[in-house]
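The values are calculated or read from the model by the stated rules, or taken from the named source; none is laboratory data. All values derive from a computational prediction rather than experimental measurement. Heads up, the Cβs are rebuilt from the backbone with ideal geometry, glycines too, and the neighbour counts pull from every protein chain shown.
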Amino acid sequence: MRSFKARFAALLLVAISCVSVAPAAKAEVGGFHLNITPYGGFATWDQETNVQDKFLYGGRLGLGFGRYIGVEGTWGQTNSKTHDGFGAQPYVSAPSATPGQ
């Protein structure tokens, strides 16, 4: 029985090793190709910044002209509303400390 467990463990180890080993990178696309990647997230700002935390979204577009040459662009948007309104004073300024006051 012990021999069966040892053989099973060895077989399991070999199977896991075969599955987890990365094959050679032969999947590089040749010729003209297009990549479209949407994305989304949540922007969190520092406490000293006067911008509200909001969701963001956007996308990437890539054009490949062969295996080694391509052009990629990205576009993203988030609400830029500040705690005091739209676009007004995105940074909170601390009161100036002047001597004698």
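Here are the numbers:
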{"item": "Positions within region 9-35 being within 30 Å of Leu61 (Cβ to Cβ) and either among the hydrophobic types (A, V, I, L, M, F, W, C) or modelled with pLDDT under 85 (or both), in sequence order", "result": "Ala22, Pro23, Ala24, Ala25, Lys26, Ala27, Glu28, Val29, Gly30, Gly31, Phe32, Leu34"}
{"item": "Those residues of region 45-66 which are outside any strand (DSSP E or B) and either among the hydrophobic types (A, V, I, L, M, F, W, C) or closer than 30 Å to Asn35 by Cα (or both), in sequence order", "result": "Trp45, Asp53, Gly66"}
{"item": "Odd one out for Pro95 among (1) at pLDDT below 80; (2) part of a helix (DSSP H, G or I)", "result": "(2)"}
{"item": "Residue match in region 68-81 (condition: part of a strand (DSSP E or B), of a type in the set (Val, Ile, Thr), modelled with pLDDT of 90 or more and surrounded by 10 or more Cβ atoms within 10 Å (Cβ to Cβ))", "result": "yes"}
